[in-house]
Amino acid sequence: MSKTKSFLKVVLPLLLGVALVWYSLSQISISTLVQYFKDANYFWIILGVSLGVLSHASRAYRWLFMAEPLGYKPKFANSFMAVYSAYLINFTIPRAGEIARASILANYEDVPFDKGFGSIVAERVADTIMLLIIIGVALILKFKIIYDFFIEKFNPSTLFIGIAALLMLIFGLYFFIKRSSSKFALKVKSFIKGLIEGALSIFKMKKKWAFIFHTVFIWVMYLAMFYVTTLALPELSNISLAAVLIGFIMASFSIAATNGGIGSFPEAIVIAFTVFSMSEDPSRAFGWIMWSSQTIVIIVLGGLSLTYLPIYNRKKNSI
């Protein structure tokens, strides 16, 4: 049963990604998409890629602040290569990157796996908080446009019933988990407790303000990366801040839906941008350009990281 479950976790997101690639390419001709790639201003694409690398380097450096209270002083190079190796592995097995990253740090920095993985989970808590802040800002800026979009796409009564049902489900699960002693409820309680402890641990570290600075910097770079890449297409040159925020949020969720956002990324962009009455073709082309450029960097730097890690550490250990 566990083997089947593991198999489905790997195969289903991949199949969904393939289906979404087929759907996306059926909505725009290959020749049109190729033309968008040819006409794109690659200065902005390269700048976007550079900002992405900068954000990941900041992520690798930020983790050093998490390791210090645990009694370890890992090398930045190993942390950087572990980050890119994790991103690359996520393309093959969803959410396996964090496990791989903790394993790499255990192998090359002697950080116990459980402590390394716990610190990475704490990082994710900080990232989740930042994403929620961005979502909140987007809702405040353009609540009416988002509301009108959903009213237009869905029957108001159906939408109301759906929201009410979702809220009832959330409250129902909350009271069930709070009172239940079942295995599932205990796991959820333990997970939530771990998240809270992880978030609070940030404020207990010596260099908490440096950690918070890098957390903000990472997400500012993510947003800047997204925005400057839109400038590569003249059709998106007048894009609004709200459209950038909504597009970024949708793109972030799409990465969790399939392996590295394959297929889901460009379609998430289309959904977000059409809320602001932007044309589908340039929106879809931007999604493919953005996803392709970032994916190429992850494949190259992730592959080099996995290859160079043992070589780098062999040299260091021989000194």
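The values are calculated or read from the model by the stated rules, or taken from the named source; none is laboratory data. Small disclaimer: the values here were computed from a predicted structure and weren't measured. Quick reminder, even Gly has a Cβ in these numbers, built from the backbone with ideal geometry, and neighbours come from all protein chains shown.
Applying the set (1) buried (at least 21 other Cβ atoms within 10 Å of the Cβ); (2) modelled with pLDDT under 85 to Phe226 leaves exactly one unmet item: (2). Here's a check for you: in segment 240-281, which residue that is aromatic (Phe, Trp, Tyr) and within 24 Å of Arg95 (Cα to Cα) is surrounded by the most Cβ atoms within 10 Å (Cβ to Cβ)? Only one residue tops the list, namely Phe265. The helices (runs of 4 or more DSSP H) located wholly in segment 1-112 that include 2 or more residues which are farther than 25 Å from Ile218 by Cβ and among the basic types (Lys, Arg) occupy 2-26. Do we have Ser237 as under 15 Å from Ile45 (Cα atoms), surrounded by fewer than 20 Cβ atoms within 10 Å (Cβ to Cβ) and at pLDDT below 90 here? Judged against the criteria, Ser237 is a match. Hey, does segment 1-17 have a residue that's under 22 Å from Ile299 (Cα atoms), at pLDDT 85 or above, under 23 Å from the mean Cα position of the chain (by Cα) and among the β-branched types (Val, Ile, Thr)? Within segment 1-17, not a single residue is under 22 Å from Ile299 (Cα atoms), at pLDDT 85 or above, under 23 Å from the mean Cα position of the chain (by Cα) and among the β-branched types (Val, Ile, Thr). Assessment of segment 141-154 against the conditions (modelled with pLDDT of 70 or more, surrounded by 10 or more Cβ atoms within 10 Å (Cβ to Cβ) and outside any loop (DSSP other than H, G, I, E, B)) yields at least one matching residue.
Only residues that are farther than 30 Å from Ile262 by Cα and either surrounded by 21 or more Cβ atoms within 10 Å (Cβ to Cβ) or modelled with pLDDT under 85 (or both) were counted across segment 75-109, and they come to 1.
Restricting segment 43-74 to residues that are in contact (Cβ under 8 Å) with a residue 60 or more places away in the chain and charged (D, E, K, R), the residue that is surrounded by the fewest Cβ atoms within 10 Å (Cβ to Cβ) is Glu68.
When segment 234-280 is filtered for residues that are under 16 Å from the mean Cα position of the chain (by Cα) and in a loop (DSSP other than H, G, I, E, B), the ones remaining, listed by number, are Thr258, Ile262, Gly263.
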